[in-house]
Amino acid sequence: MNQFLEKMGFKPVDRVLITHIDDMGFCHAANVATEACLSGGSASCASVIVNAGWFLEAAHMAQHNLSWDIGVHLTLTAEYSLYRWPALSSRDAGTGLVDRQGYLWHTREDAIRHVTEEAARGEMRAQIDTALAAG
């Protein structure tokens, strides 16, 4: 049996469904839907994109619902053509972390090609630190 399920009190014969909501903070509608699902019990946990446009609202919701299980959705890309988000650690294209407009790369392939390991670590640390600072 999975040791984590056992620690939560489940038996080997129990079936467990964990419903995870991805991309909280992406937009207002995603935040409202996440709030409804977590509060209503139809979802177990969520992850928030810290550098997306509606992160502050998501953080506010989480601060008022401390029982929610919310993690950080670490991201080094912003795949949408008309809705982009910046890096939190640097807007300098010279770091390889962002494109010429100062936003994260559109594709995984672009990120792999341009982002250094050091820049990726710094950006992920900045996203985690921002989430922690927001409460």
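The values are calculated or read from the model by the stated rules, or taken from the named source; none is laboratory data. Since we're looking at a predicted model, the values are computed, not measured. In this analysis, Cβ positions are derived from the backbone assuming ideal geometry, glycine residues included, and neighbour counts consider all displayed protein chains.
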_Quick check on the stretch 66-125: of everything there that is outside any loop (DSSP other than H, G, I, E, B), of a type in the set (Val, Ile, Thr) and in contact with a Phe, Trp or Tyr (Cβ under 8 Å, 6 or more places away or on another chain), which residue is nearest to Asp23 (Cα to Cα)?_
Thr77
*Looking at Thr107, is it more than 12 Å from the chain's Cα centre (by Cα), modelled with pLDDT of 95 or more and not assigned by TED's automatic domain parsing to the domain that holds Glu123?*
no
_Name the single residue that is modelled with the lowest pLDDT among those in the stretch 38-49 being assigned to a loop (DSSP other than H, G, I, E, B) and surrounded by 15 or more Cβ atoms within 10 Å (Cβ to Cβ)._
Ser44
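Looking only at the stretch 1-27, filter to residues that are aliphatic (A, V, I, L, M) and modelled with pLDDT of 95 or more; which one of those is farthest from Ile49 (Cα to Cα)? Write out each step before concluding.
Of the residues in the stretch 1-27, the ones aliphatic (A, V, I, L, M) are 1, 5, 8, 13, 16-18, 21, 24.
From what is left, the residues that are modelled with pLDDT of 95 or more are 21, 24.
Working: Ile21: 11, Met24: 6 Å.
Looking at the filtered set, the residue picked out is Ile21.
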*Considering only residues of the stretch 72-92 that are surrounded by 14 or more Cβ atoms within 10 Å (Cβ to Cβ) and out of contact with any helix residue (DSSP H, G or I) (no Cβ under 7 Å at 6 or more places or on another chain), which is nearest to Met124 (Cα to Cα)?*
Thr75
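Yes/no per residue for (1) assigned by TED's automatic domain parsing to the domain that holds Thr130; (2) buried (at least 19 other Cβ atoms within 10 Å of the Cβ); (3) not small (Gly, Ala, Ser):
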| residue | (1), (2), (3) |
| --- | --- |
| Ile18 | no, no, yes |
| Phe26 | no, yes, yes |
| Ala36 | no, no, no |
| Asn51 | no, yes, yes |
| Phe55 | no, yes, yes |
| Ala59 | no, yes, no |
| Asn65 | no, no, yes |
*Do any residues in the stretch 105-116 that are over 19 Å from Ser81 (Cα atoms) have Cβ atoms under 8 Å from those of residues that are among the small types (Gly, Ala, Ser), where the two are at least six apart or on different chains, and which pairs are they?*
Val115/Gly96; Thr116/Gly96
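Restricting attention to the stretch 93-105, and to residues there that are more than 30 Å from Leu38 (Cβ to Cβ) and not small (Gly, Ala, Ser), which single residue is surrounded by the fewest Cβ atoms within 10 Å (Cβ to Cβ)? Step through it out loud before you land on a result.
Taking the stretch 93-105 as the starting set, the residues that turn out to be more than 30 Å from Leu38 (Cβ to Cβ) are 93-102, 105.
Restricting the remaining residues to those that are not small (Gly, Ala, Ser) gives 95, 97-101, 105.
Values: Thr95: 17, Leu97: 27, Val98: 26, Asp99: 16, Arg100: 6, Gln101: 9, Trp105: 22.
Selected residue: Arg100.
Between Ser89, Ser44, which is under 30 Å from His114 (Cα atoms) and among the hydroxyl-bearing types (Ser, Thr, Tyr)? Give the derivation first.
On the way: Ser44 fails: under 30 Å from His114 (Cα atoms).
Just one listed residue meets the conditions, Ser89.
Answer yes if at least one residue in the stretch 8-19 is of a type in the set (Phe, Trp, Tyr) and more than 25 Å from Leu104 (Cα to Cα), and no otherwise.
In the first step, residues of the stretch 8-19 are kept if they are of a type in the set (Phe, Trp, Tyr); the result is 10.
Those left that are additionally more than 25 Å from Leu104 (Cα to Cα): 10.
Yes, that holds for at least one residue.
Condition (residue is within 15 Å of Met24 (Cα to Cα) and in contact (Cβ under 8 Å) with a residue 24 or more places away in the chain) applied to the stretch 122-129: is it met by at least one residue?
Here is the first cut: in the stretch 122-129, the ones within 15 Å of Met24 (Cα to Cα) are 127-128.
Narrowing further to those that are in contact (Cβ under 8 Å) with a residue 24 or more places away in the chain: 127-128.
Looking through the stretch 122-129, at least one residue is within 15 Å of Met24 (Cα to Cα) and in contact (Cβ under 8 Å) with a residue 24 or more places away in the chain.
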